[in-house]
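Have a look at the structure below, then the notes.
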Amino acid sequence: MAVDTGAADADSSPGVAVDTGAAGVATSSGADGGAGGGAERARPRRWARRRQDLTVFGLFLLAAVWVTSQIWVDPAGRVASLYSSDPAQVQFFLAHSVRVVLHGEFPFFTEQFNYPDGVNLMANTAILALGIPMVPVTLLFGPAVTFVLLVTLALAGTASAWYFVLSRHVVRSPLAAAVGGWFCGFSPAMLSHASWHPNIISQFLLPFIVWRVLVITRSRRPWRDGALLALMVTAQAFINEEILLFTALACGVFLLAVLAQRPALWAAAWRPLAKALAICTVLAGALLAYPLYIQFAGPMAYHGLSDAVRDYGNDIAAFFAPGSPTIGGDQRANVNLAPNYSEENAFFGWSLALIAVGIAVWLRRELIVRALAVTGAFFAVLSLGERVSWWDRELITGPWEWLVRLPLLDAVVPTRFGLITSVVVGILLAFAVERSRALPLERRTLRTLTLAGLVLALLPIAPMPLQMTSRPPVPDFITADRWRGYVGPDQTLVPIPVPAMGHTHGMRWAASTNLDFKIPGGYFLAPRNGNTGDPGRFGGRPSGIGKLLEEVASTGRIPKLDDRQRRRCMDELRHWRAAILVLPVTQHHSEQLRRTVEQLVGPGRRELDVWVWDVRTLTDQPA
C-alpha cells in the first residue's frame, strides 16, 4: 500500500508507505550511483548531505536557544510569567527520576509529596523517559537547569526529527524538508507549551512512529517492523501518553482517508499491517502492562480528567490569530480564544491559515494531500471542544460532546487536538515548497515567489523569546540542609502556604534536595477526596489548614481562630506527621501568615531566612 506523493496525479499510484515520486519510499535519496565509479561519486554526496543535515540541526538548536534565552539567564530564578505551577511539578518529577536511579525507588508511585496518600505518577506524566537520561544533569546542576535543557532540546529535536523524516522519505528539496520541520518544531502550539510542558513538546519520536506505521502497510518484514514500532511506542508512553494517543488517532484517520479514496489499496496492505500491529500490540502490551495497571487500577488512580480542563476547547477565531509567544502575537487579543496561554494550540495567523487552505486546493489532485487535509480538518473540529464558539460567543454543540465520555478520550484535553493540525500544516508547507519547483516560471521569479510566500506564512508567527519573570529563591534554610536536624524519614516538612495548585514553591524546595524530605499536598492529579477510582481533580484531599493559610496568603486578613478550628488543624498536622512548619520571611503577607500559624501552634523561631515551628512534640501525641 503506497501513496505516491509525486507532482503527478496520485491516483495513478500503484500502491501507504509513501512513495514520494522524488526521494522514494525506502531509500534515503534515490539511487546515488551505478557501475564504474558509483561508489566514489556517492561518498562525497553522503558527506555533503551530512554537512547539510548538521547545518539544519544547528540552526534549529540556535532557534531553540533563542526561544529559551530568557530562562537560560537564570534557570533557578526565572519562570514563565503567567503560571509557575507546571514547571515546579516537572522539576519535582525530574528529582524523582534521580531517586529512581540512585535509590531504586518505585518509579510509578511516590509518597514524597501528598504524604501520606501519595501520588500515582503514571497518571501524572512523570516523564521517566526524559528524566532518567537526564539524571547526571539534574545531579550536577539541579532540576531547574534540566527543565530548561529539556525544553531547548525538545524544540530543536522535534524540528530536526521531522526534517530528517521529510528529507529522507517525503520530499527531495532540503528547503522543503527544513520548512516542514521548522513549523512542526516551532509552531505557535509548540511555543505555547514550551514554558510549561516539556513532555508535550518532546515529539522527536513521533515522525519515526508515523513513518513506521506507513512502512508496515507494505512491509516485507512485518514482524521486525512491528517490534521496532513497539519499542518506539513504549518509549513515547513514558514521555507523554496523550501525545501517543493523538499520534495513533491521526495515523488511523489518515489511513482511513486514503482507503476511502482508494479502497483497492487495502488488499495489499491488510496482511503486513495486521502482522505488524499484532506483534506491536503484544510486545508493547507486555512492556507497558504493569505501568498501565498502576495507572488505571493502582493506588490514587483516577478515572477521567478534572472538570476544570475537560471542556477546554479552541475558539474558531483562534485559527486566524498569531500565538502569544510570536512576533505578531498579542496576549490581550488572545485572552478569550484559548483556555489559557499554555494551551494556544490552534494559532496559525490569518495568512498561514489561508495559505494552508490554498495549498490543499492547489494540490488537491494528490491523494496524500487530500488525506492530510481531511486529517487536519477532522482534528481541528475536535479541538473546538464541547461548545463551538466564535470570538467567545457560543454557536453550537461540538462533536466532542459525544466523545468525551469514551474510555481513554475521557482523559484527553480536547484543545490539544490542534497539535495534530499543526503537524499537518507543516507537512503541507513542505509539499508546497517541493511542488513549487515544478511550476512553469523563470527560476529567479520562482525563488522570489516561494520566499515571499514563506515570509507571508511564517513571519507573523516567528518565535520570540519566552516571557519570564523572577521567582523566589529556594530558602537558605533548605539549601544549607538546616532542615535535616528536624525532619525524620517518616515525617514531613510543611511549607507555608501548604503546597497546592497555586502554591508550588514548596515542591521546588523538595526538588532542590532530590526529594530528601516529604511534603503534604502539592500540584498533581488525583481522585477526588483521595478515593482511588473516583474522577480526577487537581490536588489531594481537601485540607482545612491548607485552605486557611491559602486565604491568608491571598488576602492578608488574619482570622480569629477558635478551639474547634485549632483541633482540626492539629489533626491534619498529625495526619501528615509534620515535623516542622517553614515560612520564608520574603513570602507575600508573611507577617499575617506568621501570626496565623502562631494561633495554631504557638511562637516560631527565625532561622536564617525562614520562620520555623517545631511541632514534633505536638504531632507525636495521639489524636
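Key figures
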item: The listed residue being more than 22 Å from Val413 (Cα to Cα), at pLDDT 95 or above and open to solvent by 40 Å² or more (accessible area, probe 1.4 Å), out of Pro133, Pro107; result: Pro133
item: Residue selected from the stretch 434-464 under the condition within 23 Å of Val67 (Cα to Cα) and open to solvent by less than 60 Å² (accessible area, probe 1.4 Å), by the criterion farthest from the chain's Cα centre (by Cα); result: Leu454
item: Pairs where the first residue, in the stretch 392-405, is over 29 Å from Arg332 (Cα atoms) and the second is open to solvent by 50 Å² or more (accessible area, probe 1.4 Å) and at pLDDT below 90, C-beta under 7 Å, 6+ apart; result: Val404/Arg310
item: Tally of residues being in a loop (DSSP other than H, G, I, E, B), open to solvent by 10 Å² or more (accessible area, probe 1.4 Å) and aliphatic (A, V, I, L, M) across the stretch 164-203; result: 1
item: Checklist (1) farther than 30 Å from Ala176 by Cβ; (2) open to solvent by 10 Å² or more (accessible area, probe 1.4 Å) applied to Gly157, failing item; result: (1)
item: Failed item in (1) in a strand (DSSP E or B); (2) open to solvent by 10 Å² or more (accessible area, probe 1.4 Å); (3) under 28 Å from Leu608 (Cβ atoms), with Arg537 passing the rest; result: (3)
item: Boolean, Ile294 is under 30 Å from Arg262 (Cβ atoms) and either more than 23 Å from the chain's Cα centre (by Cα) or in a helix (DSSP H, G or I) (or both); result: no
item: Matching residues, the stretch 465-485, being open to solvent by 20 Å² or more (accessible area, probe 1.4 Å) and within 18 Å of Asn514 (Cβ to Cβ); result: Pro473, Val474, Asp476, Thr479, Ala480, Asp481, Arg482, Arg484
item: Within the stretch 269-298, tally of residues that are more than 21 Å from Val215 (Cα to Cα) and open to solvent by 70 Å² or more (accessible area, probe 1.4 Å); result: 5
item: Pairs where the first residue, in the stretch 229-253, is within 22 Å of Asn120 (Cβ to Cβ) and in a helix (DSSP H, G or I) and the second is small (Gly, Ala, Ser) and open to solvent by less than 20 Å² (accessible area, probe 1.4 Å), C-beta under 6 Å, 6+ apart; result: Val233/Ala284; Thr234/Ala284; Leu244/Ala237
item: Residue in the stretch 204-225 that is modelled with pLDDT of 95 or more and outside any helix (DSSP H, G or I) present; result: yes
item: Subset of the stretch 543-583 (residues that are basic (Lys, Arg) and either open to solvent by less than 20 Å² (accessible area, probe 1.4 Å) or assigned to a helix (DSSP H, G or I) (or both)); result: Lys547, Arg564, Arg566, Arg567, Arg568, Arg574
item: Members of the stretch 72-97 found to be open to solvent by 10 Å² or more (accessible area, probe 1.4 Å), farther than 14 Å from His197 by Cβ and part of a helix (DSSP H, G or I), listed by number; result: Trp72
item: Filtered residues of the stretch 107-148 (kept if assigned to a helix (DSSP H, G or I), β-branched (Val, Ile, Thr) and in contact with a Leu (Cβ under 7 Å, 6 or more places away or on another chain)); result: Val137, Thr138, Thr146
item: Residue in the stretch 390-417 that is most open to solvent (accessible area, probe 1.4 Å), counting only those that are assigned to a helix (DSSP H, G or I) and out of contact with any Gly (no Cβ under 6 Å at 6 or more places or on another chain); result: Trp402
item: Among the residues listed as Arg577, Arg606, Arg594, the single one being modelled with pLDDT of 95 or more and under 37 Å from the mean Cα position of the chain (by Cα); result: Arg577
item: Qualifying residues in the stretch 343-358 (those that are assigned to a helix (DSSP H, G or I) and open to solvent by less than 10 Å² (accessible area, probe 1.4 Å)) - the one farthest from Val455 (Cα to Cα); result: Glu343
item: Residue list for the stretch 584-623, restricted to those being open to solvent by 50 Å² or more (accessible area, probe 1.4 Å), more than 30 Å from Ser470 (Cα to Cα), in contact with a helix residue (DSSP H, G or I) (Cβ under 8 Å, 6 or more places away or on another chain) and not in a loop (DSSP other than H, G, I, E, B); result: Leu618
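For every residue, the table says whether it meets (1) of a type outside the set (Gly, Ala, Ser); (2) surrounded by 13 or more Cβ atoms within 10 Å (Cβ to Cβ); (3) closer than 17 Å to Ile209 by Cα.
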| site | (1), (2), (3) |
| --- | --- |
| Phe254 | yes, yes, yes |
| Ala257 | no, yes, no |
| Arg262 | yes, yes, no |
| Ala267 | no, no, no |
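The values are calculated or read from the model by the stated rules, or taken from the named source; none is laboratory data. Remember, predicted model here, so these are calculated numbers, not experimental data. Every residue, glycine as well, gets a Cβ built from its backbone with ideal geometry; the counts of neighbours run over all protein chains shown. Accessible surface is based on the protein model in full, side chains and every heavy atom, while ligands, DNA and RNA are left aside. Shrake-Rupley method; radii C 1.70, N 1.55, O 1.52, S 1.80 Å.
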